[in-house]
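For reference, the structure is listed below as structure tokens.
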Amino acid sequence: MKNNLPMPGLQFSIQKKSAMKAHILSRLRNSKEAVSGEVLRAELGTSRVSVWKHIQKLQELGYGIVSTGKGYQLHSCPDIPFSWEFPQREEKIHYYPETGSTMEIARDLARKGCPHFTVVIAGRQTKGRGRLQRQWFSDEGGLYFTIVLRPEIPAVLASRMNFAASLTLAETLRRLFGIEAGVKWPNDILVSEKKLCGMLSEMESEADMVSFVNIGMGINVNNDPAVFEPNAVSLKNILGHEVSKKELLSAFLDDFEKRINQGNYETVVGEWKKHAITIGRQVRVVTTKEIFEGRAADVDKDGSLILECEDGKRENSDLRGLFFIRIFNLHNNMKKILFHYRAAIILLIASSISGCGITDSRLSGKWKSRP
């Protein structure tokens, strides 16, 4: 995949242009009357030609801006999550109509020092992936994004970020659409037994502290995921009409940032369990090396799934499928991939990434992970 990241100087220019578009759109949205080019010029501190070029570009991108004798009026907007559609966030939003993977771009940004809560969004992905390197089908109409987080926490607590994201999205969906969104261990959201959203997380750390955690999410919004996965569903399927991807993403980012800023990491798993559909069911947990079957008895405070097996024994299915973790050896600069396995850290070769998936015996057929 080509590096889609702009050079620093170009990035500043892009951010400045985004800020200007955000101001123009905000001014037109909040005015019942036409807004003249001269007024916009004065407010932006630029030329009339520059204002006209921004208007023209917005029209090309699908905005229904009409020019009248008195100025400009906004009649319609496309449901595309451009950076300028997120006031106060536009400098941290990176939108691509099409890219290989938002996770790859977010990883590059994070390593180059991008700020906390940077968001990479794609209209569609050509190389979307899920856990165990499975393909994530990212057709048009869905919402695909990765958030870069920089929590000041030990690496052993990083899994709480994933549970916080899953919990927040489930609550946001319930609040906005009145649907019974449930969370499935370790990182899916289901409605009426069908998959609405999947997640994938990556972490890099230095010593025992988190450097960054990237959380990728794929939400079936206005697409038809059943074409690729029969046991999946979209918001459009559920509600019978299309919904705004921009409004959904904006609401989720606000809710998630508020939760992260509160920093209540000790309670997040307990809150997550209130919406969990896994507990109490017969399940199968699949890793690259083992398969466990039994009743999902509980999820402990560290996020591990506790299974009750037929012989009465209990197995802890840890978070090997929730994260893959890169850590840098500061002495020889060799990069190794590690997985958090309860009290131990298991070293793995980069090409043999481990993970785990879970199937519910009450759900049909083969299970696939997709963000």
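Model label points for Glu257 and Arg111, set 7 angstrom from Cα along the Cα-to-Cβ axis, are 2.7 nm apart.
Cβ-Cβ distance of Ala207 and Glu140, R₀ of 35 Å, FRET efficiency by 1/(1 + (r/R0)^6): the value works out to about 0.25. Once Lys and Arg get +1 and Asp and Glu get -1 on their Cβ, which of Ala226, Ser250, Leu200 lies farthest toward the positive end of the dipole of the stretch 182-255? Projecting each Cα onto the dipole axis, the largest value belongs to Ala226.
Rounded to whole numbers, the Karplus 3J(HN,Hα) couplings from phi for the stretch 172-189 are 5, 5, 5, 5, 6, 10, x, 9, 8, 7, x, 9, 10, 4, x, 7, 10, 10 Hz, using 6.51 cos²θ - 1.76 cosθ + 1.60 with θ = phi - 60°, and x at Gly and Pro. For the stretch 131-271, averaging the sequence separation of C-alpha pairs within contact (under 8 Å, six or more residues apart) and dividing by the residue count gives a relative contact order of 29 percent. Each residue, Ser26 and Arg150, gets one label point 7 Å from its Cα in the Cβ direction; the gap between the two is 2.4 nm.
In plain terms, the residue of Ile179, Ile24 with the fewest other Cβ atoms within 10 Å comes first and the most crowded comes last, giving Ile179, Ile24.
Could you work out the local net charge near Glu85, counting Lys and Arg as +1, Asp and Glu as -1, over the other residues with Cβ closer than 12 Å to its Cβ?
Local charge sum for Glu85: +2.
In a DSSP loop and with at most 14 other Cβ atoms within 10 Å, the GluC sites (Glu not before Pro) in the stretch 223-266 are Glu242, Glu266.
Bear in mind that the values in this text are calculations on the coordinates, not laboratory data. Since we're looking at a predicted model, the values are computed, not measured. Neighbour counts run over all protein chains shown; Cβ positions are idealised from the backbone, glycine included.
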